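*Asks:* Below you'll find the structure I mean.
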Amino acid sequence: MKTKAGFVGLGAMGLPIARNLLAAGFAVRAHNRTVARAAPLVAEGAELASSPADTVATDGVVVTMLADDVALREVVTGKDGIGNKLGRGGVHVSMSTIGPATARALAALHAERGTAYVAAPVFGRPEAAAAKKLWVCVSGPTAARTRVRPLLEAIGQGIHDFGEEPHAANVVKLAGNFLIMSAMEAIAESQTLGEKHRIDRAQLASFFGETIFGCPIYQNYGRIIANKVYEPAGFRLALGLKDTNLVLDAAEEVHVPMPLASLMRDRFLSGVARGRAGMDWSAIARAVSEEAGLE
């Protein structure tokens, strides 16, 4: 008998993740606010759920991949949410990028109901999700982490365990996203410097990606920023602003000054103000070019 898994949120990341669960033999029952997004998954064998609660099998496992803290809270605590339906012994696996305070609040709510909250945010763009190349960070109750490990193994290339604190994996995710956005700013500034001195941006990206910065972030974003191709978005600029605010909130909570994060917030805010909210978050590089008189 197939292991059942509820799934809520079939966006750019959620859809390929749910597809990999289907391919791994899980019986997926999925819900998305925009029903049309579920059509490809249903065609491949998933069941369509009419609400988040309808994805849940009592004592089962449900995965959420949602845009922000507000959406996640609603899916858990709303009238048609998973919170009341999951049942004692059930596990909620949250893959969303959220603040640590939200993670702790949801974990406490689940504990009151006899269910478990496992944080499992991922690193990787949609193409990595489709190729099962995500890196998964996980934290939460030990028994629940053990129970959902086969599910996490079906979607990624590696799982990194950060213990029982419900918010730990989410803090790791925010720290990682901060590193990525900071790298994009550095890439954009270095390429703009080169371009102003008549050096080809793509050649710069290739050189650094093959030598002293030979890692996926510098290689992939170096290529995107060099070619100035910011659509379609793998991760929307508006979500970059949301994540930067989460980073700064988490830093303020424990009194950590993060001046570079403040700069990145202004970059994303400027991008949204210029009508670029739907572009890839790497489109912050356009502001660097504009300030240098290149656009």
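*Asks:* Report, by residue number, each residue of segment 163-182 that is assigned to a loop (DSSP other than H, G, I, E, B) and either among the small types (Gly, Ala, Ser) or surrounded by 18 or more Cβ atoms within 10 Å (Cβ to Cβ) (or both). I'd like the intermediate steps shown before the answer.
*Replies:* Taking segment 163-182 and keeping what is assigned to a loop (DSSP other than H, G, I, E, B), we get 163-167.
Matches in segment 163-182: Gly163, Pro166, His167.
*Asks:* Right, another one. In the set Glu195, Glu127, Glu185, Glu189, which member is acidic (Asp, Glu), in a helix (DSSP H, G or I) and over 24 Å from Leu260 (Cβ atoms)?
*Replies:* Working: Glu195 fails: over 24 Å from Leu260 (Cβ atoms); Glu185 fails: over 24 Å from Leu260 (Cβ atoms); Glu189 fails: over 24 Å from Leu260 (Cβ atoms).
Every option except Glu127 fails the conditions.
*Asks:* Can you find a residue in segment 245-257 that is touching a residue at least 40 places away in the same chain (Cβ under 8 Å) and under 30 Å from Arg198 (Cβ atoms)? Break it down stepwise before answering.
*Replies:* Start the filter on segment 245-257 by keeping residues that are touching a residue at least 40 places away in the same chain (Cβ under 8 Å), which leaves 246-247, 249-250, 253.
From what's left, under 30 Å from Arg198 (Cβ atoms): none.
Within segment 245-257 (the criterion being touching a residue at least 40 places away in the same chain (Cβ under 8 Å) and under 30 Å from Arg198 (Cβ atoms)), the answer is no, since none of the residues qualifies.
*Asks:* On the basis of being open to solvent by less than 40 Å² (accessible area, probe 1.4 Å), touching a helix residue (DSSP H, G or I) at 6+ places or on another chain (Cβ under 8 Å) and either among the hydroxyl-bearing types (Ser, Thr, Tyr) or in contact (Cβ under 8 Å) with a residue 60 or more places away in the chain (or both), does Asn32 make the cut? Working first, answer last.
*Replies:* Working: open to solvent by less than 40 Å² (accessible area, probe 1.4 Å): yes; touching a helix residue (DSSP H, G or I) at 6+ places or on another chain (Cβ under 8 Å): yes; either among the hydroxyl-bearing types (Ser, Thr, Tyr) or in contact (Cβ under 8 Å) with a residue 60 or more places away in the chain (or both): no.
Taking the combined requirement at face value, the residue does not satisfy it.
*Asks:* Filter segment 249-290 down to the residues that are within 17 Å of Asn177 (Cα to Cα), touching a Ser or Thr at 6+ places or on another chain (Cβ under 7 Å) and either among the charged types (D, E, K, R) or crowded, with 19+ Cβ neighbours inside 10 Å (or both) and list them by number.
*Replies:* Ala261, Met264, Arg265, Phe268
*Asks:* Restricting to segment 191-212, and then to whatever is small (Gly, Ala, Ser) and buried (at least 20 other Cβ atoms within 10 Å of the Cβ), can you tell me which residue is farthest from Ile224 (Cα to Cα)?
*Replies:* Restricting attention to segment 191-212, the residues satisfying the condition of being small (Gly, Ala, Ser) are 194, 202, 205-206, 209.
When the remaining residues are screened for being buried (at least 20 other Cβ atoms within 10 Å of the Cβ), the result is 205, 209.
Working: Ala205: 9, Gly209: 12 Å.
Of everything passing the filter in segment 191-212, Gly209 is farthest from Ile224 (Cα to Cα).
This table checks each residue for (1) of a type outside the set (Phe, Trp, Tyr); (2) surrounded by 15 or more Cβ atoms within 10 Å (Cβ to Cβ); (3) not in a loop (DSSP other than H, G, I, E, B).
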site	(1), (2), (3)
Leu21	yes, yes, yes
Arg37	yes, yes, yes
Ser51	yes, yes, no
Leu66	yes, yes, no
Lys79	yes, no, no
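*Asks:* Across segment 130-151, which residue is least open to solvent (accessible area, probe 1.4 Å) among those that are part of a helix (DSSP H, G or I) and free of Cβ contacts under 8 Å to residues at least 60 places away in the same chain?
*Replies:* Filtering segment 130-151 for residues part of a helix (DSSP H, G or I) gives 130, 142-151.
Remaining after also requiring free of Cβ contacts under 8 Å to residues at least 60 places away in the same chain: 142-146, 149.
On the way: Thr142: 65, Ala143: 80, Ala144: 9, Arg145: 36, Thr146: 95, Arg149: 102 Å².
Restricting to residues being part of a helix (DSSP H, G or I) and free of Cβ contacts under 8 Å to residues at least 60 places away in the same chain, the top hit is Ala144.
*Asks:* Counting only residues that are buried (at least 24 other Cβ atoms within 10 Å of the Cβ) and outside any loop (DSSP other than H, G, I, E, B), how many does segment 1-15 have?
*Replies:* Count: 5.
*Asks:* Can you run down the residue pairs with Cβ atoms below 8 Å, 6 or more apart or on separate chains, where the first is in segment 203-215 and at positive phi and the partner is assigned to a helix (DSSP H, G or I) and open to solvent by 70 Å² or more (accessible area, probe 1.4 Å)?
*Replies:* Between residues of segment 203-215 that are at positive phi and residues that are assigned to a helix (DSSP H, G or I) and open to solvent by 70 Å² or more (accessible area, probe 1.4 Å), there is no close pair.
The values are calculated or read from the model by the stated rules, or taken from the named source; none is laboratory data. Quick caveat, the model's predicted, so the values are computed rather than measured. Here Cβ is always computed from backbone atoms with ideal geometry, including for glycine, and neighbour counts include all displayed protein chains. All accessible areas refer to the heavy atoms of the entire protein, side chains included, with ligands and DNA or RNA removed. Shrake-Rupley method; radii C 1.70, N 1.55, O 1.52, S 1.80 Å.
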